[in-house]
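Below you'll find the structure, written out as structure tokens, and then a few comments.
The values are calculated or read from the model by the stated rules, or taken from the named source; none is laboratory data. Quantities reported herein were computed from a predicted structural model and do not represent experimental measurements. Cβ placement follows ideal geometry from the backbone for every residue including glycine, while neighbour counts extend to all protein chains displayed.
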Amino acid sequence: MVTLKSIAGSAGALLLAVLVLAGCSRDEAKPAPVDPAPVAAADGSLPTPAAPLPTPVASAPGAAPSGIPQDSNDSPLPPPTRAPGHSLPDAGSLRVGWLTATVTSDGSGNCYSLKTTDGETWAVYAKKPVPMDQGDQVRVRITPGKTPVSCGKGKPATLVRALISPR
């Protein structure tokens, strides 16, 4: 009696053999077409040979239609363009960095109000509760911008890291 393991093994070996043989096959190169011999005209003269036809160049992916790659020195890529009406973001306003501040209100939940040494007020949201109390001197790293919760008056920002001065 033939077992299922031997049938599966035989079928697997046969499939592997077919795949190996199929992978070894290759397309044969076709010989170039031969031009027919020139036929002499009625007066016995041979026709002048015409200019040879250009051989087609296989274009690689990313190549220009002429066959020259777009990233070659002969044909540099055009400079990138920005759609009209779009301006560059102000990188300075995207990431403030570290601030030295005083906690003016510990708020509710994960919201804090901070007043920096230069007088700016920040409404800061923390993803996790931070043990900051009103009056604490802190050094914080924030990312300005919209927060998922409105944290009151001041510029909105997200709290990334906080260093709290010991009392």
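Go through the stretch 63-118 and count every residue that is in a strand (DSSP E or B) and modelled with pLDDT of 75 or more. Adding up the residues that qualify gives 15. Pairs are defined by a Cβ separation below 7 Å, a sequence spacing of at least 6 or placement on different chains, a first member in the stretch 125-139 that is closer than 14 Å to Thr158 by Cβ, and a second member that is of a type in the set (A, V, I, L, M) and assigned to a loop (DSSP other than H, G, I, E, B); the pairs so defined are Tyr125/Val149. Annotation: of all residues in the stretch 140-153 being over 27 Å from the mean Cα position of the chain (by Cα) and outside any loop (DSSP other than H, G, I, E, B), the one that is surrounded by the most Cβ atoms within 10 Å (Cβ to Cβ) is Val140. Across the stretch 98-124, the qualifying residues are those that are in contact (Cβ under 8 Å) with a residue 24 or more places away in the chain and at positive phi, and the one among them that is surrounded by the most Cβ atoms within 10 Å (Cβ to Cβ) is Gly107. In this entry, Pro156 is excluded by the filter for residues that are part of a loop (DSSP other than H, G, I, E, B) and free of Cβ contacts under 8 Å to residues at least 40 places away in the same chain.
Which residues, counting only those in the stretch 119-139, are in a loop (DSSP other than H, G, I, E, B) and more than 9 Å from Leu99 (Cβ to Cβ)?
At the first step, the residues of the stretch 119-139 found to be in a loop (DSSP other than H, G, I, E, B) are 119-120, 126-136.
Scanning the stretch 119-139 gives Gly119, Ala126, Lys127, Lys128, Pro129, Val130, Pro131, Met132, Asp133, Gln134, Gly135, Asp136.
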